[in-house]
């Protein structure tokens, strides 16, 4: 195929997608794939990965085959493309036999520009045979392998079928392939290249930074009330996702939020499929719904105006944290990533890892990943810098908007306190939990202290200079730093590690972050919605904002699609800021392609004109 012209790519970008320019590496990727080259694309969530294969699909001859692991993502992507006037479809297990036959017939007749398929479907012998016929006929434009990190056995979303996708290169060597992922550390990238036979592919690694996300980690002290205070103050009318570790906690948290007047829905793998799907549909298609979920929810969720992601429990790794928080602010507008964290999280996560059935080598990798996340939680440095460093990227200067940059954390020489804590663990037999250990250090004669005669130990009462909360912070940071670990056989009791010896021998210093005393806040429901977040300070008081959103919701219901597939919030904001008075002016607004201008332009123009 002849190389495309830069003009045709930009022209098609504007006509179809409504954008006047590319972002970051998009243009280089589009040109490379359109010219027939293989590519490995690492780009953060919300960075515009889909465009990197969707635009070449429209610029090359034939149909593009997109391999995607999630049914929800396929439906969403196809709905979005159809809104843009692109002939797109999907083949997966959600289709009945008749619908699948119709899609296959359209594929055979060259009526599709983009087809999404599950890896299991692609690998079927008869489907591969069908693709060979199509290549000889109307042609295959490209193969796109989305969520390529699924190929890694060390990844958090491992799919064994992905390892068989080398068949694409073996049977269709002339068809370009583009593998895409939003989360992959260096070992995972190497595995993607090896497992998908992409040794000759050009690598495009965009910055992993999400500058519009404000990261915050707070100490747990009645986490539910802390969570509600956060939502109340900054996201009273917004869509958000709250992650919990267990199904039970998901349901209890959702029920509690509902009882407090919030529109919260549960989502986990144990729920009946019809309830799960109904809750997900509400989250996607309505405004201001909060989803309380396990990690079963999220991958493939393309809702751009999720304004916050909250964690009530620790994720398992930095990759997991990055991917989950990355579901906030995909539209580029300000968003929050909020996490409540305590010693109990550290102990329970390590306990879960150690007691699992995974091979020891896998456990070791998972421990290292968890340790990196604990280091992130306890870090006094810029959150953006710490995250990017983990992914092998340098970030120059503080971000100026994470908790550590906005409210720098004090550190203190905790060597003596650490020695007291470690000595107490040793002298009590390395089998007691933190509550008991603090009682000993503070000189409290509790029934357990009395039962084990720990009031006779040399460490009894030596720590009275620190409060219970300060000791809790010391123990949490010693566990996070690897000086102490939870003993599974002792039901989570703490024991010393090799790192503790130099501390006890005064051969090394220990510096810890000084945690401020947690201020408890009572939350009143009376002021809900009074505090709008920074991005919407201006629009939240403007009736036109709500008129535009109402029109979008009305059109979305008529179409049977989520509102954001009509226009993103960022496009509505441009409508407000630029106030177009005719369709020509509206056509120059980002996100307004030709198909959407013809379909929806007049309706939104009427709202804008009536507001003048």
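The values are calculated or read from the model by the stated rules, or taken from the named source; none is laboratory data. Just so it is clear, the structure is predicted and the values come from calculations on it, not from any experiment. Please note: Cβ atoms are built from the backbone with ideal geometry, for glycine as well, and neighbour counts cover all protein chains shown.
Observations
- Restricting attention to the range 25-73, the residues that are closer than 21 Å to residue 188 by Cα and more than 25 Å from the chain's Cα centre (by Cα) total 1.
- Pick from the range 268-307, criterion at positive phi and within 14 Å of the chain's Cα centre (by Cα), ranking: surrounded by the most Cβ atoms within 10 Å (Cβ to Cβ): 298
- Residue match in the range 333-343 (condition: surrounded by fewer than 21 Cβ atoms within 10 Å (Cβ to Cβ) and closer than 24 Å to residue 512 by Cβ): yes
- In the set (1) over 19 Å from residue 120 (Cβ atoms); (2) within 23 Å of the chain's Cα centre (by Cα), residue 157 fails one condition alone, (1).
- Yes/no for residue 51 being surrounded by fewer than 22 Cβ atoms within 10 Å (Cβ to Cβ) and out of contact with any strand residue (DSSP E or B) (no Cβ under 9 Å at 6 or more places or on another chain): yes
- Taken as a whole, the range 339-353 holds no residue that is touching a helix residue (DSSP H, G or I) at 6+ places or on another chain (Cβ under 7 Å) and farther than 24 Å from residue 434 by Cα.
- Checklist (1) within 27 Å of residue 44 (Cβ to Cβ); (2) at pLDDT 95 or above applied to residue 256, failing item: (1)
Here's the yes/no breakdown for (1) in contact with a strand residue (DSSP E or B) (Cβ under 6 Å, 6 or more places away or on another chain); (2) outside any loop (DSSP other than H, G, I, E, B); (3) at pLDDT 90 or above; (4) under 30 Å from residue 280 (Cα atoms):
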| position | (1), (2), (3), (4) |
| --- | --- |
| 529 | no, no, no, yes |
| 548 | no, yes, yes, yes |
| 554 | no, yes, yes, yes |
| 570 | no, yes, no, yes |
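- Evaluation of residue 43 against the conditions (1) over 20 Å from residue 81 (Cα atoms); (2) touching a strand residue (DSSP E or B) at 6+ places or on another chain (Cβ under 9 Å); (3) at pLDDT 90 or above shows that the sole unmet condition is (3).
- Residue check: residue 376 meets all listed conditions (1) under 25 Å from residue 339 (Cβ atoms); (2) surrounded by fewer than 20 Cβ atoms within 10 Å (Cβ to Cβ); (3) touching a strand residue (DSSP E or B) at 6+ places or on another chain (Cβ under 9 Å) but one, namely (2).
- Residues of the range 439-455 include none that is outside the structural domain of residue 341 (by TED's automatic domain parsing) and in contact with a strand residue (DSSP E or B) (Cβ under 6 Å, 6 or more places away or on another chain).
- Residue check, residue 83 modelled with pLDDT under 90, in the same structural domain as residue 51 (by TED's automatic domain parsing) and either at negative phi or under 26 Å from the mean Cα position of the chain (by Cα) (or both): no
- Checked against the criterion of being touching a helix residue (DSSP H, G or I) at 6+ places or on another chain (Cβ under 6 Å), more than 22 Å from residue 502 (Cβ to Cβ) and free of Cβ contacts under 8 Å to residues at least 40 places away in the same chain, the range 425-436 contains one or more residues that satisfy it.
- Test: residue in the range 159-172 that is at pLDDT below 90 and outside any helix (DSSP H, G or I): yes
- Any chance residue 361 is free of Cβ contacts under 8 Å to residues at least 40 places away in the same chain and surrounded by fewer than 19 Cβ atoms within 10 Å (Cβ to Cβ): yes
- When the range 95-134 is filtered for residues that are without any contact (Cβ under 8 Å) to a residue 40 or more places away in the chain, surrounded by 14 or more Cβ atoms within 10 Å (Cβ to Cβ) and assigned to a loop (DSSP other than H, G, I, E, B), only 95 remains.
- Residue, farthest from residue 207 (Cα to Cα), within the range 406-419, restricted to residues that are surrounded by fewer than 20 Cβ atoms within 10 Å (Cβ to Cβ) and touching a helix residue (DSSP H, G or I) at 6+ places or on another chain (Cβ under 8 Å): 419
- Residues that are over 11 Å from residue 313 (Cα atoms) and surrounded by fewer than 19 Cβ atoms within 10 Å (Cβ to Cβ), drawn from the range 235-259: 236, 237, 247, 248, 251, 252, 255, 256, 258, 259
- Screening residue 215 on (1) touching a residue at least 60 places away in the same chain (Cβ under 8 Å); (2) more than 23 Å from residue 386 (Cα to Cα); (3) touching a strand residue (DSSP E or B) at 6+ places or on another chain (Cβ under 6 Å) shows it passes everything except condition (2).
- Verdict on residue 394 being assigned to a loop (DSSP other than H, G, I, E, B) and surrounded by fewer than 16 Cβ atoms within 10 Å (Cβ to Cβ): yes
- When 302, 357, 313 are checked against the criterion of being assigned by TED's automatic domain parsing to the domain that holds residue 399 and within 18 Å of residue 266 (Cα to Cα), a single residue qualifies: 313.
- Count of the range 173-188 residues which are buried (at least 20 other Cβ atoms within 10 Å of the Cβ), modelled with pLDDT under 90 and out of contact with any helix residue (DSSP H, G or I) (no Cβ under 6 Å at 6 or more places or on another chain): 2
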